[in-house]
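The values are calculated or read from the model by the stated rules, or taken from the named source; none is laboratory data. Remember, predicted model here, so these are calculated numbers, not experimental data. Cβ: placed from backbone, ideal geometry, glycine included. Neighbour counts: every protein chain shown.
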């Protein structure tokens, strides 16, 4: 028999057979559109629940935007009491209305989160089932080229990434967009000049934020890749411990671990450093907006153009206006991770499967079987460039 087949690389063998280490979760998706389309197929049957969840999120954000306007009425009534009688009944009724509004906002937010978590957990459960069934149908040569740890990474890390980010990102994105435009509209209705001043400071913060995101994204991708490589190395060495000991490979294994660990440290440090800058910068921009509004507001109050309550409500609107910017930036990063994880999962689910041979019912009788097995000029290797058996 002549066999010139060259097979893919096989990881160190442990008690589980040809199993290797973790894969590389969290890489940037090469084809975001295809990953989204595949993920949409799993979300399709949950669309009604998702729509209801998003509507509740929008309703909660809209109600939150109304609150500061009512607070302005309370402050203005209290200010009137400094120079004359105070309408306590009106203040009481507005306070009750605000309590009802914020309670409704909390209820809508709670229901939105509950629905999205339920939907995403069902989706991830289905994905795990499909991956489990797929493992039993793919050819063995797949495990020659890919370690079992890579498959394990897709079942655990990547599917968990999909579930966690989807449950938080979709609802938060809609709520943030609604809150952003709602706050902007209310600010324009309240006072155009103060709105322009607030927007100018927010734009400065947004530019800084996008610059940091651009720098941190590549380090986040590198961090996930290095984490996957390190996990894979640990799993392979652990499962193949006896093989490593038999061939005195302890020092090589330690050296490889130290190298991977150093790369992971560098990428993790840089990614966390850059991402950690976002909130302080946004906090500074928010405080700058407060100062600008207070200065402009004080001038307008002295001129009698606005009441003191307008300044109070505007300071809250600035927070409602700038906070969604950072949230949307974080959501965009999370969605990139979701698409990258989805791409890895669906890449595995799209692998070629073994032919179904259950219909082959031909039986050979022992007396009919006559044959001769001969090995001649056999070469074998796990990769085309690394053959280990020559002319056997």
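Brief remarks follow.
To keep it simple, each residue is scored yes or no on (1) in contact with a helix residue (DSSP H, G or I) (Cβ under 6 Å, 6 or more places away or on another chain); (2) at pLDDT 70 or above; (3) on the phi < 0 side of the Ramachandran plot; (4) assigned to a helix (DSSP H, G or I).
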| site | (1), (2), (3), (4) |
| --- | --- |
| 23 | yes, no, yes, no |
| 33 | no, yes, yes, yes |
| 60 | yes, yes, yes, yes |
| 65 | yes, yes, yes, yes |
| 70 | yes, yes, yes, yes |
| 79 | yes, yes, yes, yes |
| 86 | no, yes, yes, no |
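- When 367, 355 are checked against the criterion of being more than 46 Å from the chain's Cα centre (by Cα) and over 30 Å from residue 281 (Cβ atoms), 367 stands alone in meeting it.
- Contact map, segment 204-220: residues that are more than 16 Å from residue 337 (Cα to Cα) paired with residues that are outside any helix (DSSP H, G or I), Cβ distance under 8 Å, separation 6+ or inter-chain. No pairs are found.
- Qualifying position, being exposed (fewer than 15 other Cβ atoms within 10 Å of the Cβ), at pLDDT 80 or above and in contact with a helix residue (DSSP H, G or I) (Cβ under 7 Å, 6 or more places away or on another chain), among 118, 161, 126: 126
- Residue selected from segment 181-196 under the condition buried (at least 20 other Cβ atoms within 10 Å of the Cβ) and touching a residue at least 40 places away in the same chain (Cβ under 8 Å), by the criterion farthest from residue 153 (Cα to Cα): 191
- Residues located in segment 88-110, provided they are in contact with a helix residue (DSSP H, G or I) (Cβ under 8 Å, 6 or more places away or on another chain) and either farther than 30 Å from residue 335 by Cα or buried (at least 17 other Cβ atoms within 10 Å of the Cβ) (or both): 90, 91, 94, 95, 97, 98, 101, 105, 108, 109
- Looking across segment 278-295, the residues that are closer than 16 Å to residue 208 by Cβ and surrounded by 16 or more Cβ atoms within 10 Å (Cβ to Cβ) come down to 278, 281, 282, 285, 286, 288, 289.
- Evaluation of residue 388 against the conditions (1) touching a strand residue (DSSP E or B) at 6+ places or on another chain (Cβ under 6 Å); (2) in contact (Cβ under 8 Å) with a residue 12 or more places away in the chain shows that the sole unmet condition is (2).
- Within segment 73-101, residues that are within 20 Å of residue 316 (Cβ to Cβ) sit with their Cβ atoms under 6 Å from residues that are outside any helix (DSSP H, G or I) and at pLDDT below 80, at 6+ positions apart or across chains, in these pairs: 76/307; 77/87.
- Some residue of segment 296-313 being buried (at least 17 other Cβ atoms within 10 Å of the Cβ) and under 26 Å from the mean Cα position of the chain (by Cα): no
- From the options 360, 372, 376, residue that is modelled with pLDDT of 80 or more and in a loop (DSSP other than H, G, I, E, B): 376
- Check on residue 314, assigned to a helix (DSSP H, G or I) and at pLDDT 80 or above: yes
- Of the residues in segment 238-248, at least one is in contact (Cβ under 8 Å) with a residue 24 or more places away in the chain, touching a strand residue (DSSP E or B) at 6+ places or on another chain (Cβ under 9 Å), farther than 26 Å from residue 178 by Cβ and outside any helix (DSSP H, G or I).
- Per-region count, segment 128-152, residues in a helix (DSSP H, G or I), under 25 Å from the mean Cα position of the chain (by Cα) and closer than 15 Å to residue 351 by Cβ: 7
- Residue 174 being over 18 Å from the mean Cα position of the chain (by Cα) and either in a helix (DSSP H, G or I) or over 21 Å from residue 281 (Cα atoms) (or both): no
- Residue selected from segment 224-275 under the condition within 21 Å of residue 329 (Cβ to Cβ) and at pLDDT below 75, by the criterion surrounded by the most Cβ atoms within 10 Å (Cβ to Cβ): 224
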